[in-house]
Amino acid sequence: MDLNNILSQLESANEEENEKLLQQYNREVSRGSAGFFLRQPKQTLCQSVLSVLGRQVQPSCQRTCLETLRILSRDKRVLAPVATREGMLTLGGMARLHAGEEGGDNQKGSQEDTQSEEEERVVVEALKCLCNVVYNSPAAQQVSVDVQLAHGLCTSLHTARTWHHEVGLFTLRLLFLLSALRPDVRGVLRREWHALRLLTEVLEHTLDVRWVGPYEAASPDPQALPMPAEDNERAMEALKALFNLTLSDDDHQFRLIAAILRHLLMLKTETEEKTEEAHSHAVNLLNNLPVSCLDVLIDVPVQGGLDKYGGKNMDAVQVLLDFMEKRIDKGSNYKEGLTPVLSLLTEGSRHHREIRRYIKAQVLPPLTDVKIRPEIGTTIRNKLVRLMTHVDMGVKQTAAEFLFVLCKESVDNLLKYTGYGNAAGLLVARGLLGGGRGETQYSEDEDSDTEEYKSAKPFINLITGHVEEPMPNPIEEMTEEQKEYEAQKLVNMFDKLTTSASAAQIIHIIYCSLCKGPLCIYVDLSLASRGQR
């Protein structure tokens, strides 16, 4: 098949012949003729297809042309003819995006009501093309701003209740792409075109939210069918667009979004994988909201709460904990998959007492068995302690910070649950090796230790965080002269291995714990004589 022949015929052929020629090209590409696809003058074809679309042709021909453009738009090197004002207006018109038109809302609604199935497919193909072009062409992104494409998208959001699935899906995806790639558009979307409110309404409709309080959605019916896959797809696209736009100071709108996200966390989709994906987008968006709005997650009195936690409803928090544990168990992609939910739970615990108390009870229950190292086992605590020594610095810092906040930023409490060895990195970073607390102020209620922990506490190894089997003392048979000699060797090691007082302090603490004291006297004397202690 010679593309040059197609190009020459497109100039003179009638509408029906053009449609057949382009269908032949589309089939050739879809069959995987990659070599053919790469060798041909695709930019010229792109211009020719736009010329055909500029004529008065039937929807079936429009659809075929747009399918060809969608294929071509995957290659950013051939987009020059489309990334123009004329090209973008052509595609915007095909997608029924009426940017800047008076009465656009009513006109758009009436047009959608009377669209045939073929006309709907034209709209969908045009939206797909726009998604590809905007994603792949910075020039097209600028033209989109110039022709106020975002305004047309917001106009379309007014008719979300009448959307067919793919029209809504790709409208939301295009809005997400434009707001992600053009930060300057976000403020205009928020201030002038009220995109936050419109997207919130899209979520309300898609998730079938029924309000029973100012920021409280009715609980989903446990017997209801899972959320349809199409609704879930549109909801996730709306969440992604909201993520880009939630950098303003609209407290009411943020609290409304938090309430809808709580509702989403309580829903299930048709598969566990899709439910987890939806929850992941919800977590990302919750991280963008002011932490003061997170009380909406638990302040649902109509649905009942737990007296133990001030009458607050902890169902959504439990869903987040379950989500966190699933992400830990996956054992991969911790940075993108796990750290967002850890950060969310950390900030929620830091600023909301009831959330912290509930999570603490689930993650760090009172200790009973201290014969096992804290990083060994299958509990959430064991899994999080293992993350405190993860090779990824961001992952281990986030996990350690989460546990530290659950312990009300008390060094003693953190060491009780993790041991010095696992907590050393956090303590060095915060300058808390000598003990104490972080800067955040917490309530005065004290944690109570179990009788088992109290009886075992004197025998717990501070470094490993558990009771070890008795070991023979390696210096028991040493003379005083030998002890002093070994102490001097240890001090010399300090000189070689440390460049700061904090690092020396770590080594000193570890050695003191291991030798249980007898040699430390000599170490302390040697360090004191050198002014290092």
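Points to keep in mind about this one:
- Inter-centroid distance (Cα atoms) of segment 330-375 relative to segment 391-415, Å: 9
- Whole-Å distance, taken between Cα centres, linking segment 187-210 and segment 261-309: 18
- LEU289 contributes an accessible area of around 10 Å² to the protein surface, as traced by a 1.4 Å probe with all chains present.
- Under 5 Å between amide hydrogens, built in the peptide plane, is the criterion, and for THR269 it picks out MET227, THR275 among residues at least 5 positions away or on other chains.
- Legend: distances between Cα atoms for LYS240/LYS326; LYS274/LYS335; LYS128/LYS274; LYS128/LYS268; LYS326/LYS416; LYS335/LYS489; pairs beyond 30 Å are LYS335/LYS489.
- Full extension of the chain between HIS164 and LYS76 gives 28.8 nm of extra length, using 0.36 nm per residue less the Cα-Cα distance.
- Portion, in percent, of the accessible area of segment 45-91 that falls on carbon or sulfur, probe 1.4 Å: 43
- Interchain or long-range residues, amide H under 5 Å from ALA217's placed H: VAL212
- FRET efficiency for the pair GLU117 and LEU306, taken as 1/(1 + (r/R0)^6) with r the Cβ-Cβ distance and R0 = 45 Å, rounds to 0.30.
- Calculated FRET efficiency for the pair ASN333/ASP449, C-beta based, R₀ 30 Å, to 0.05: 0.20
- Ranking of ARG327, ARG161, ARG63, ARG197 by solvent-accessible surface, largest first: ARG161, ARG197, ARG63, ARG327 (1.4 Å probe, protein heavy atoms only, all chains present).
- Using the Cβ-Cβ distance between ASP221 and THR44 with R0 set to 56 Å, the FRET efficiency from 1/(1 + (r/R0)^6) comes to roughly 0.45.
- Label-point separation, GLU468 to GLU86 (7 Å along Cα→Cβ), nm: 8.0
- Å² per residue, accessible surface of segment 219-343 at 1.4 Å: 44
- HN-Hα J in Hz across segment 364-376 - Karplus 6.51, -1.76, 1.60, θ = phi - 60°, x for Gly and Pro: 10, x, x, 6, 10, 9, 10, 8, 10, 4, x, 8, 9
- Given a 1.4 Å probe and the protein chains as shown, LYS330 ends up with an accessible area of around 120 Å².
- ARG234 accessible area, assembled protein chains, probe 1.4 Å, Å²: 40
The values are calculated or read from the model by the stated rules, or taken from the named source; none is laboratory data. Just so it is clear, the model here is predicted, and its values are computed rather than measured. In this analysis, Cβ positions are derived from the backbone assuming ideal geometry, glycine residues included, and neighbour counts consider all displayed protein chains. Note: accessible area is taken over every heavy atom of the protein model, side chains too, but ligands, DNA and RNA are not part of it. Shrake-Rupley method; radii C 1.70, N 1.55, O 1.52, S 1.80 Å.
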